[in-house]
1. Output the residues belonging to segment 367-402 that are farther than 22 Å from Lys33 by Cα, among the aromatic types (Phe, Trp, Tyr) and in a helix (DSSP H, G or I).
2. If I ask for residues that are surrounded by fewer than 17 Cβ atoms within 10 Å (Cβ to Cβ) and without any contact (Cβ under 8 Å) to a residue 12 or more places away in the chain, which ones from segment 411-435 would you list?
3. Taking the options Ala79, Ala19, Ala44, name whichever one is modelled with pLDDT of 95 or more and over 30 Å from Phe139 (Cβ atoms).
4. Quick one: Phe102 ticks every box in (1) over 30 Å from Gly218 (Cα atoms); (2) surrounded by fewer than 23 Cβ atoms within 10 Å (Cβ to Cβ); (3) touching a helix residue (DSSP H, G or I) at 6+ places or on another chain (Cβ under 9 Å) bar one, so which box is it?
5. Before we move on, is Met224 away from the ligand (no atom under 13 Å from the Cβ), assigned to a helix (DSSP H, G or I) and over 24 Å from Ile104 (Cβ atoms)?
6. For segment 234-254, enumerate the residues that are under 22 Å from Met224 (Cα atoms) and not in a helix (DSSP H, G or I).
7. Select, from Leu356, Leu339, Leu363, the only residue that is at pLDDT 95 or above, aliphatic (A, V, I, L, M) and surrounded by 15 or more Cβ atoms within 10 Å (Cβ to Cβ).
8. Does Phe34 satisfy the condition of being within 12 Å of the ligand (Cβ to nearest atom), over 24 Å from Thr412 (Cα atoms), hydrophobic (A, V, I, L, M, F, W, C) and in contact with a Ser or Thr (Cβ under 6 Å, 6 or more places away or on another chain)?
Amino acid sequence: MTQQSIKRGGFSSSFGVLAATLGSAVGLGNIWKFPYLTGANGGAGFLLVYLLATLVIGLPVMIAEITMGRAAKANPITALQKLAVSKMPWWLIGVAGMAAAFLILSFYSEVVAWVFAYVFKAIGGSILSSDRQVTQAAFTSLIGDPLQSLLWQWSVLVFIGGILLMGVTKGIEGIAKKLMPILFLLLLMLCAVSLSLDKAADGLAFLFRPDFSKITAGVILTAMGLAFFKLSLGMGTMMTYGSYFRDDQNIPQTTLRVMAADLCVSMLAGIAIFPAVFTFGFAPAAGPALVFITIPAVFSQIPGGHLLMVAFFVLAAVAATGAMLSLMEVPVVILHERLGMSRAKATLLTIAGLMLLGSTCALTNNVLADFKLFGMNMFDLFDFVSSNVLLPLGGISLALFVGWTWGADKFTQALSNHGALGNQTTARVVFFLLRYVSPLLILLVMLKGLNLL
Ligand code: PHE
């Protein structure tokens with residue numbers, strides 16, 4: 001199969017584009033990572049930096065990635081080759097993106113595994129309790145068991161691989177489109193319950209009243225890393241999805257909507273969780289366990305909580321599935337289009353690689369508990385290196401590529417749908433940010449955060 005002969009799919013409707021892009025952005029980043037990082041990094045101050053990073057850095061980089069993808073209509077490596085005018089090896093950004101995808105998928109699949117396991121634990125009902133010992137013990141026993149951790153992770157990988165193999169990406173999008181509003185509703189309901197709890201005000205103060213003394217260079221780096229992770233940036237996912245965008249799609253508008261909706265889901269998760277954290281005496285800095293121990297406690301407070309808790313974890317699993325599919329799409333489409341492998345073969349190879357690499361994350365809390373590199377266990381290391389190093393580096397490189405190689409004219413042409421949208425001013429502002437502001441800002445935050453400056 002030559003590269004030219006490969007038929008490329010695409011999103012069919014404008015709403016489909018929005019749903020698919022949102023499906024990639026919304027995931028465990030909102031429900032799991034955002035609350036636990038906000039809790040561990042002091043609350044409102046972190047939230048504020050995260051919002052700033054999303055607006056000033058995330059938004060322009062997201063627009064850049066999608067615009068490049070749509071202009072090139074190819075996987076990230078080929079896209080960079082097509083758009084580059086010089087002989088500089090810009091395509092290496094695509095290779096780095098693929099590496100980042102593997103690292104992220106390795107720990108992400110483990111968290112998805114916990115969510116899937118929690119669907120069944122929720123059905124059994126044993127985790128539904130306002131006693132923090134009980135919910136904590138349930139989580140610890142799950143992650144402490146190597147066999148359970150591995151089996152759940154591998155089942156998740158086979159499940160997701162199965163969906164990709166059946167080629168029903170569109171089907172999943174269809175399901176996600178219907179279920180996403182239900183997840184929204186459930187989160188709203190959880191917020192209402194949480195806000196009625198005794199110490200709700202303490203939780204809200206923690207989330208919304210900034211304490212700037214907690215903001216260090218490391219915290220800023222983490223907030224920026226979260227902004228990249230949340231919007232699926234810096235590793236080729238948005239470029240790949242951009243390549244499926246319709247030519248008449250309004251990219252800045254779609255991007256803005258995705259960003260706003262994504263922020264809403266994160267805020268709702270925060271409002272659902274922090275009042276409960278303070279009321280039931282959990283520690284805000286509980287780390288990755290936070291959601292798994294607090295959500296059951298909130299549900300234990302309402303009639304019908306058992307059923308709703310099952311629904312919550314099912315929907316979290318659905319949201320995570322959409323994000324995981326978009327992560328896996330990067331290596332799969334690269335192997336498929338670059339090496340001429342069939343999609344099926346590319347998917348199987350990706351799954352096999354992930355079973356190996358990912359197992360180090362599944363075994364992190366048990367067999368490999370004492371195995372550390374740079375003072376971190378494998379799970380934390382993969383998370384740190386991808387979010388705080390690889391994604392920002394990808395962001396810098398892509399911003400530099402657009403700002404200094406692709407150039408203002410081509411970028412403006414592509415972003416404005418060849419003038420049809422009349423948004424040249426927006427294009428000029430975004431271009432300015434990409435050329436000067438984003439690369440410098442990202443570099444500064446990275447060097448400071450990693451103690452290199
Ligand atoms: N944005 C997804 C989430 O928040 C994670 C993700 C990261 C997906 C990078 C694709 C690429 O869960």
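1. Phe401
2. Selection gives Gln413, His418, Gly419, Gly422, Thr425, Val429, Phe432.
3. Ala79
4. It fails just one condition, (1).
5. Judged against the criteria, Met224 is not a match.
6. Gly234, Met235, Gly236
7. Leu363
8. Judged against the criteria, Phe34 is a match.
The values are calculated or read from the model by the stated rules, or taken from the named source; none is laboratory data. Since the model is a prediction, treat every value here as computed from it, not as a measurement. Cβ atoms come from the backbone with ideal geometry, glycine included; neighbour counts cover every protein chain shown.
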